[in-house]
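The values are calculated or read from the model by the stated rules, or taken from the named source; none is laboratory data. Just so you know, these numbers come straight off a predicted model, no measurement behind them. Here the Cβ positions follow ideal geometry from the backbone for every residue, glycine too, while neighbour counts run over all protein chains shown.
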Amino acid sequence: MFRVGVIGTGVVGSAVALLLRQKGYEFTGVCSKTGVSAARLAASLGCKFYSDPADVLVDARIVFLTVPDREIDQLAHRLADSEYVNNEHVFFHMSGALPAEVLHPLKEKGSAIGSMHPLQSFASIEKAVENLPNSFFAVQGDAAAAEIAFALAETLSGKPFMLKSEDKALYHLGACIASNYLVALIHFAVGIYRQIGLTEMQATEALMPLIRGTLANIELLGPAKALTGPVARGDINTIEKHLGAIGNLASGQADLYKYLGCYTTQVAVEKGSIDNSIAEKLLCIFREEVNQDVRQ
Ligand SMILES: NC(=O)c1ccc[n+]([C@@H]2O[C@H](COP(=O)([O-])OP(=O)(O)OC[C@H]3O[C@@H](n4cnc5c(N)ncnc54)[C@H](OP(=O)(O)O)[C@@H]3O)[C@@H](O)[C@H]2O)c1
């Protein structure tokens, strides 16, 4: 089994290391910016911690660069300038947005480079240790690095798949919509409930069973078939009631409701629960209202 080093011992770097250690991987050294998280992880892994990232390369063959995305390029250059990089090294970053090629200075020194992005959202090391298994991993990079990434992901009980470099931006966009925009949408709904007197906690608590039920339906049926509600039913009277209440929302929020109404109408057509004539009526209502707002 290859010896492993980690540069960047935050949420993802720490969780990946702890899980691989449980599976028998040997860790030779770790490093972080301030040294605090690296010292903590080194104690758990039983390895050294360093203040200079280049020192991690001395004994490790696989090296994870699990630093914030904005730091990866600079770190790759810094490591490539050190005397320790060789053609035995395999470097990985775990960014969803950046291609493996951001590590090109290390490739120029003969190392293999790759990216392996866990399609998951991690709020803490504990949650990451819990949620990494069963996550999908988007793998991209050299053939040699990709082969090792597949083996690592499978060791983590993950589900690896290959991604083309040119598809990374779209891949990450999809992940942001599914995770970050979902959070923003729920924030939007909670804000509306706060206007009818609920606290943030009460509103979140009240909406959670609905959100969980919806997610379960999506998992079972796929997104289009999981669509319920007034747009899916073509219930124009209810939409008009919403639009009557929309004056209580800030104008950007009202526009968001209407744009999403247009998108949801297309989903309802795909589901087959409304025909094209109802869809046209709904789109007219949503678009006309958007236009009126823009004119104001
Ligand atoms: N969090 C997620 O949900 C998630 C999901 C998928 C992929 N990712 C990817 O995973 C990677 C790491 O993200 P994260 O959430 O784990 O970040 P994080 O919790 O903020 O941890 C970043 C780590 O990098 C260290 N660091 C920062 N600059 C450094 C430098 N110049 N040299 C050495 N160490 C440095 C920090 O040191 P200190 O501890 O000393 O501050 C910290 O240990 C990113 O590429 C991110 O896109 C994250």
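For this structure, a couple of remarks:
- Of all residues in the range 48-64, exactly one satisfies the criterion of being part of a loop (DSSP other than H, G, I, E, B) and surrounded by 24 or more Cβ atoms within 10 Å (Cβ to Cβ), namely Ala60.
- All conditions but one from (1) away from the ligand (no atom under 14 Å from the Cβ); (2) among the hydrophobic types (A, V, I, L, M, F, W, C); (3) within 25 Å of Gly158 (Cα to Cα) apply to Ala17; the one that does not is (1).
- A single member of Thr34, Thr28, Thr9 is polar (S, T, N, Q) and more than 9 Å from the ligand (Cβ to nearest atom), and it is Thr28.
- Some residue of the range 67-76 being touching a Ser or Thr at 6+ places or on another chain (Cβ under 6 Å), at pLDDT 95 or above and of a type outside the set (S, T, N, Q): yes
- From the options Ser121, Ser95, residue that is surrounded by 19 or more Cβ atoms within 10 Å (Cβ to Cβ), touching a Ser or Thr at 6+ places or on another chain (Cβ under 8 Å) and assigned to a loop (DSSP other than H, G, I, E, B): Ser95
- Test: residue in the range 68-76 that is more than 14 Å from the ligand (Cβ to nearest atom) and outside any loop (DSSP other than H, G, I, E, B): no
- Listed by position, the helices (runs of 4 or more DSSP H) enclosed by the range 199-296 that each have at least 3 residues that are in contact with a Phe, Trp or Tyr (Cβ under 6 Å, 6 or more places away or on another chain) are 251-271.
- Flag for His89 being more than 9 Å from the ligand (Cβ to nearest atom), assigned by TED's automatic domain parsing to the domain that holds Ala128, farther than 23 Å from Ser135 by Cα and surrounded by fewer than 20 Cβ atoms within 10 Å (Cβ to Cβ): no
Yes/no per residue for (1) within 14 Å of the ligand (Cβ to nearest atom); (2) of a type in the set (Phe, Trp, Tyr):
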| residue | (1), (2) |
| --- | --- |
| Ala42 | yes, no |
| Pro53 | yes, no |
| Phe64 | yes, yes |
| Leu106 | no, no |
| Gln120 | yes, no |
| Phe137 | yes, yes |
| Asp142 | no, no |
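- Among the candidates Leu119, Leu75, Leu98, the residue that is within 17 Å of Ser157 (Cβ to Cβ) and of a type in the set (A, V, I, L, M) is uniquely Leu119.
- Qualifying residue in the range 24-32 (condition: touching a residue at least 40 places away in the same chain (Cβ under 8 Å) and either crowded, with 16+ Cβ neighbours inside 10 Å or not in a loop (DSSP other than H, G, I, E, B) (or both)): yes
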